[in-house]
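Beneath this line is the structure, given in structure tokens, with notes to follow.
The values are calculated or read from the model by the stated rules, or taken from the named source; none is laboratory data. It should be emphasised that the depicted structure is a prediction, and the values quoted were computed from it without experimental measurement. Quick reminder, even Gly has a Cβ in these numbers, built from the backbone with ideal geometry, and neighbours come from all protein chains shown.
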């Protein structure tokens, strides 16, 4: 089974194709990707935090090193480059089931069902 990026959204701005940050080297935002199996209806949501090195220096001013999860470090504010990176990763994966595929995707983006436990 393979997956495809079916869409993405940045809810903080109306038109991310024309938005420019005030400081081009200091930015951060969250992108939500809709990703699902190729040839099937529906998708699950995967969130990724995108930040510049300048933003991370402000976020962690006293830290020499930090853990980052579900984060993409971007040199420039360019949503299309981030989407292309995610599409390349998604296209590189193949698993037997959607759950196995989504688990691999959740290594780089927060899956809406990550850590979900079914209770009776």
Please verify whether residue 49 is within 30 Å of residue 96 (Cβ to Cβ), without any contact (Cβ under 8 Å) to a residue 24 or more places away in the chain and out of contact with any helix residue (DSSP H, G or I) (no Cβ under 9 Å at 6 or more places or on another chain), treating the condition exactly as stated. yes
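Restricting to segment 55-72, give me the number of residues that are at pLDDT below 95 and outside any helix (DSSP H, G or I). Outline the logic, then answer.
At the first step, the residues of segment 55-72 found to be at pLDDT below 95 are 55-69.
Among the residues that remain, those that are also outside any helix (DSSP H, G or I) are: 60-69.
Qualifying residue count for the region: 10.
Can you find a residue that is in a helix (DSSP H, G or I) and either surrounded by 12 or more Cβ atoms within 10 Å (Cβ to Cβ) or modelled with pLDDT under 95 (or both) anywhere in segment 32-53?
Initial filter on segment 32-53 (in a helix (DSSP H, G or I)): 53.
Filter once more, so that each one left must be either surrounded by 12 or more Cβ atoms within 10 Å (Cβ to Cβ) or modelled with pLDDT under 95 (or both): 53.
Yes, because at least one residue in segment 32-53 is in a helix (DSSP H, G or I) and either surrounded by 12 or more Cβ atoms within 10 Å (Cβ to Cβ) or modelled with pLDDT under 95 (or both).
With under 14 Å from the mean Cα position of the chain (by Cα), more than 22 Å from residue 103 (Cβ to Cβ) and either without any contact (Cβ under 8 Å) to a residue 24 or more places away in the chain or not in a loop (DSSP other than H, G, I, E, B) (or both) as the only criterion, which of 88, 80 stands out? Steps first, answer last, please.
Values: 88 fails: more than 22 Å from residue 103 (Cβ to Cβ).
Just one listed residue meets the conditions, 80.
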From 73, 59, 25, 68, residue being exposed (fewer than 15 other Cβ atoms within 10 Å of the Cβ), farther than 14 Å from residue 2 by Cα and in contact with a helix residue (DSSP H, G or I) (Cβ under 6 Å, 6 or more places away or on another chain): 25
